[in-house]
Structures are given as C-alpha cells and as structure tokens.
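The values are calculated or read from the model by the stated rules, or taken from the named source; none is laboratory data. Owing to the predicted nature of the structure, the values given are computational and were not obtained by experimental measurement. Reconstructed Cβ throughout: ideal geometry from the backbone, glycine too, with neighbour counts over all protein chains shown.
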Amino acid sequence: MRRIVPALVDLAAGLVFVAIALFAARVLLQSRLLIYVCFPLFCTAALVIGFWRSGAGARPVAWIAFLATLPLFLLAMYFFSGRNRPFMAFPIVVFVFVAAGAALPRTRAKPLLVAIGVVAMNVAAAAAGPLFVGFLARSQNVTERPIPFAIRLVDGRTISSQQLRGRIVVLDFWATWCVPCQQELPILQRVYDKTKGRSDVAFFAVDGVVADTPGDAGDTAMGAVAYFDRAGYTIPLAWDGGAVLEKAFALHGFPTLLVLDKSGQVRMRHVGFVGSEDLERTLLDKIDTLR
C-alpha cells in the first residue's frame, strides 16, 4: 500500500499536464503573443512537480517521470497525435523536465546555478513555441506536375482545370466538422476579399465529403451551403462528392490549402491551421510571387 499511494499521487499530478495541454491547444497556440509561454509553462510545471514528487520517497527518477507523464502521453496518443503527431513533443518535454526536477535534490546543485539554468531553459522554451507551430501547420513550396480536374460548384456549374489555365488557383479543402477548418475560414475570406478583384486569381472552398469518423456519412452540399450562409462567407463554394479531388491531389488531412500557378502546377501545400501562424501573409505573398 505504501508503494501504491505515491504512484497514484504521481499519476494524479500528471493531470496538471493534461489541463495545460488542452489550454495550450485551445488558447496558447492560437495566439501570436501567448505562443511564447506555451513551452515555458510545460517546462516550469514539470520541474516543480518533479521536485515535489522527489521529496516523497526514494523512488527512481525515471519512474516518477514516467508516471507523471503517462496521462498526457495517453491524451496525446488518443486525441492529438492521430492527425498531429508533433503534439507528442508535449509528453517528451514533460518527461525530461519532471526527471530533471526530481533529480535536483539528489545533485545538491547550488541554488544560483539552478536559477540560472531555469531562466535559460525558459528562454529557450519560449523560442521553441513559434518553431513548433511550423510542425503543426506545415507549409511547403512544391512544384508538382499539372493534373486534369473539375471543380463542381454548389450552384451546379462545373469548372475544368483547362478553363483555369492562365490564373493562379487557390483551393481550400475543408469540412464543416473540422474545427481547424472553421478557424481558418475567416482568414481565407479576408484573403479572398483582397484578391477577388483580380482576374488572374481564382479562389474556391472545396467541402470534403470524407468524414472524420469511419462510417459517418460526412458532409453534404446542402450542409456546406447552410454553413457558409450562417457565417456570411462569400468564397466560391464547391463540393467534392466522392472525394474525387481529395484523391486526385493526394490530400492527407483537413484543412489543406493548395496554390496552383498559371500552368496548373501545385506550387504550395499548406496542411493544418494554428491561430498563431500568419497564414494571411503567407498566402498573399505566395500569390504575389506567382503573378
């Protein structure tokens, strides 16, 4: 019983990191300012909990770190890492710093050196935040051969890739059930508003029929139209029935943003969305380079 109780407390302490991870995903990673406190918050909390739990007995440092990290690891495996494997960085960081905090009392390090180390750690962790966003929402400049395709607009019209030659084409693949897609659309609407007067730019929001959950019926054209009407979006709306375009462009997750040059080559792939990234500037700059 004496061994079980400390282990349960270590596990319960790990719930703190679960709460921080959810807060980070919903708030910190969505802000260009608060992103800088994301990893320092994890590191500092891990050091404190590791230091605290080390004083509760003579258990191995690695065992303390493992138990305290386990709840966050399970969350990352179940909730985050299915489509966003970079979130696995959270439990890795927590394990390292819980272990470091648990080892501190046993090293007899001088308080001044510890304080300097903690400050340096926080500075490095703050700088890691914006870099981490680049892994979550990947933007790649590519040059892929043109492929024939057809965009079926919800108003019944069909536009072929041949008709779009000579224009820069922006294709946003989204779905009504996709939360990052919902957060991304207002930014895409701003970009569309800034470029809709240009005859050399074509913009389409393509609603994907594939659902997030196997067996789910997924979106419908009527559902996509209703969603756009409620939100007031005016981006030309298309529906990818049968996931034809998704397969043609080999998509791997929603949202996916493609930019095609005037010859039909895909020149940019942007997968995912995080509020702290400057997607508006990234997209406008890419459009300008393809003029």
Of all residues making up the range 39-75, the number that are part of a loop (DSSP other than H, G, I, E, B) and touching a residue at least 24 places away in the same chain (Cβ under 8 Å): 4
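Residue by residue, here is whether (1) farther than 23 Å from A137 by Cβ; (2) crowded, with 18+ Cβ neighbours inside 10 Å holds:
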| residue | (1), (2) |
| --- | --- |
| R190 | no, no |
| D200 | yes, no |
| F204 | no, yes |
| M268 | no, yes |
| E280 | no, no |
| R291 | yes, no |
Any strands (runs of 3 or more DSSP E) falling wholly within the range 121-198 and containing at least 1 residues that are touching a helix residue (DSSP H, G or I) at 6+ places or on another chain (Cβ under 9 Å), assigned by TED's automatic domain parsing to the domain that holds F249 and under 22 Å from A238 (Cβ atoms): 150-152, 168-174
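Would you check if G232 is out of contact with any strand residue (DSSP E or B) (no Cβ under 6 Å at 6 or more places or on another chain) and under 16 Å from S161 (Cβ atoms)? Working first, answer last.
Details: out of contact with any strand residue (DSSP E or B) (no Cβ under 6 Å at 6 or more places or on another chain): yes; under 16 Å from S161 (Cβ atoms): no.
No.
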Residue within the range 127-148 that is of a type in the set (A, V, I, L, M), touching a residue at least 12 places away in the same chain (Cβ under 8 Å) and farther than 25 Å from S276 by Cβ present: yes
